[in-house]
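A.B. asks: The following block contains the structure, expressed as structure tokens.
The values are calculated or read from the model by the stated rules, or taken from the named source; none is laboratory data. From a predicted model like this one, the values you see are computed outputs, not experimental measurements. Neighbour counts are summed over all protein chains in view; Cβ atoms, including those assigned to glycine, are modelled from backbone coordinates with ideal geometry.
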Amino acid sequence: MRRIGVATPDSAGRRPSVMMVTGAYYPETSGAGLQCRALIRACGDRAHFAVLTTALDPGLRARDEVDGVLVRRVRVNARSRVARWLTLPWLIASALDLERHADVVHLHGFSEKSIVVSLLARLLRKPVIVKLTSVGHDDPVAMRARGSLLFDSYRRADRFVAVSPRFATIYADAGLPPAKLQLIPNGVDLERFRPASSAERMRLRRDLGLPVDGVLVLFVGFFSPEKCPDLLFDAWTDSFGGSPASSLVIVGASRSDYYEVDEAMAARVRSDAERLGCQDRLRLVEHTASIELYYRAADIFVLPSKREGLPNALLEAMACGLPSIVSRLPGVTDSVVTDGVNGVLVEPGEREALASALRALLGDAECRAGLGGAARQTVETRFSLAVTADRYINLYEELSSCAASPGQ
């Protein structure tokens, strides 16, 4: 097991030990948790890792090993605030067990449990990194609005990592120390997420039980009011008649105790598909551990979100050479997608604009190929997971070195 503990010296010196903290971790999923796991893998043996996470599934082990890394899970009931507070002793015990061996504590997002983890880190003199994951949720302005206790703990972090320019703007507006902020975007494994040939695409569709004929449109994300898969469904049905035959695949939870998932939204989409007679062209996939296969089987990716930090799904789709239609979110999606060059930007919540963009791509294979090729090039140039991992290793080494230095 590549677990956290006393690091073994090597030619480059002592390797840092890093305690990762996420709201969910494999086999449960969240964007932050998936990026955390990918980062650990990309860092390899240049650092020692352990993971502290919460879990909804009571069947998951409290002490586990994933990819050779120690994972400590604290079971929570997402629907009961009282039940969440009753887990506090287990959270403290698990955090203390991991933090006492860590050189650096890396929080992927910030929530109420982060107050406990951060307080223990200060008591143990461990530097804390806060990765900002979602605009409107864990950016400095949003955190200040959630109360003085949470914000006071948050602002004491030693480093903040912004994954997109929008976070850097909000951070500056909040008046936090500029020296504490670094811009490190999420990264993509360019080998796992890669374009498929036409023959591979057809084979994958058959293997996955997806429609083989026509253009395949893909969405990846929760059924939530902020991700807006229902808006995509409506826009997709608006494209009928004036475009080539197409199918829509939605990969993401439609049933969960997680607060973001709107089961009524998923039920409405299923009901409308039956009413409109297009249920055979709609596929809802609740969960997959092989999301790259769905990207490589698709022709178009759509992300009509109202709020994002830097969406992993968009970067993964682009890495697979997919033309993407994405909500224009200033400083977030428009920092990745240049409209008409490597994707298409539409205004959030605009059903007609989304349907129009979808119709245009459905009917133009040459345009799809051009946008998809440029999308792949963008990710290769700017969002390689290997480069992201290098930058985090440098940050871990810097903070662990400072913490070990006398007088720091």
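A.B. asks: Might you let me know whether the stretch 188-202 holds any residue that is closer than 20 Å to His287 by Cβ and without any contact (Cβ under 8 Å) to a residue 40 or more places away in the chain? So that I can check it myself, show each step before the final result.
C.D. replies: First pass over the stretch 188-202, keeping only residues closer than 20 Å to His287 by Cβ: 189, 192-193.
Retained after the next criterion (residues that are without any contact (Cβ under 8 Å) to a residue 40 or more places away in the chain): none.
No; the residues of the stretch 188-202 include none that is closer than 20 Å to His287 by Cβ and without any contact (Cβ under 8 Å) to a residue 40 or more places away in the chain.
A.B. asks: Within the stretch 244-276, which residues are within 22 Å of Tyr294 (Cα to Cα) and among the hydroxyl-bearing types (Ser, Thr, Tyr)?
C.D. replies: Ser246, Ser247, Ser254, Ser256
A.B. asks: Let me ask something else about it. Considering only helices (runs of 4 or more DSSP H) fully contained in the stretch 84-170, which possess at least 1 residues that are within 19 Å of Leu52 (Cα to Cα), out of contact with any Phe, Trp or Tyr (no Cβ under 9 Å at 6 or more places or on another chain) and at pLDDT below 95?
C.D. replies: Output list reads 88-99, 112-123.
A.B. asks: Here's a follow-up. Return the residues of the stretch 338-355 that are of a type in the set (Gly, Ala, Ser) and loosely packed, with under 15 Cβ neighbours inside 10 Å; say none if nothing qualifies.
C.D. replies: Gly340, Gly349
A.B. asks: So, in the stretch 225-243, of the ones that are under 17 Å from the mean Cα position of the chain (by Cα) and either free of Cβ contacts under 8 Å to residues at least 40 places away in the same chain or surrounded by 22 or more Cβ atoms within 10 Å (Cβ to Cβ) (or both), which residue ends up nearest to Asp272 (Cα to Cα)?
C.D. replies: Restricting to residues being under 17 Å from the mean Cα position of the chain (by Cα) and either free of Cβ contacts under 8 Å to residues at least 40 places away in the same chain or surrounded by 22 or more Cβ atoms within 10 Å (Cβ to Cβ) (or both), the top hit is Pro229.
A.B. asks: Quick one: in the stretch 232-245, of everything that is part of a helix (DSSP H, G or I) and touching a Cys at 6+ places or on another chain (Cβ under 9 Å), which residue is nearest to Val326 (Cα to Cα)? Show your work before the answer.
C.D. replies: To start, the set of residues in the stretch 232-245 that are part of a helix (DSSP H, G or I) comprises 232-238.
Still in the running and touching a Cys at 6+ places or on another chain (Cβ under 9 Å): 236-237.
Details: Trp236: 14, Thr237: 18 Å.
Ranking the candidates gives Trp236 first.
A.B. asks: Could you list all residues from the stretch 99-114 that are within 27 Å of Arg15 (Cα to Cα) and within 24 Å of the chain's Cα centre (by Cα)?
C.D. replies: Val104, Val105, His106, Leu107, His108, Gly109, Phe110, Ser114
A.B. asks: Taking the stretch 197-226 on its own, how many of its residues are over 30 Å from Asp262 (Cβ atoms) and β-branched (Val, Ile, Thr)?
C.D. replies: Count: 1.
A.B. asks: State which residue is nearest to the chain's Cα centre (by Cα) when the search covers only the stretch 356-383 and only residues that are crowded, with 18+ Cβ neighbours inside 10 Å and more than 22 Å from Asp213 (Cα to Cα). Outline the logic, then answer.
C.D. replies: Here is the first cut: in the stretch 356-383, the residues crowded, with 18+ Cβ neighbours inside 10 Å are 357-359, 361-362, 368, 371-372, 374-376, 378-379, 383.
Now drop any that are not more than 22 Å from Asp213 (Cα to Cα), which leaves 374-376, 378-379, 383.
On the way: Ala374: 22, Ala375: 19, Arg376: 19, Thr378: 18, Val379: 16, Phe383: 14 Å.
Looking at residues that are crowded, with 18+ Cβ neighbours inside 10 Å and more than 22 Å from Asp213 (Cα to Cα), I get Phe383.
A.B. asks: In the stretch 171-198, how many residues are in a loop (DSSP other than H, G, I, E, B) and either surrounded by fewer than 16 Cβ atoms within 10 Å (Cβ to Cβ) or not polar (S, T, N, Q) (or both)?
C.D. replies: 16
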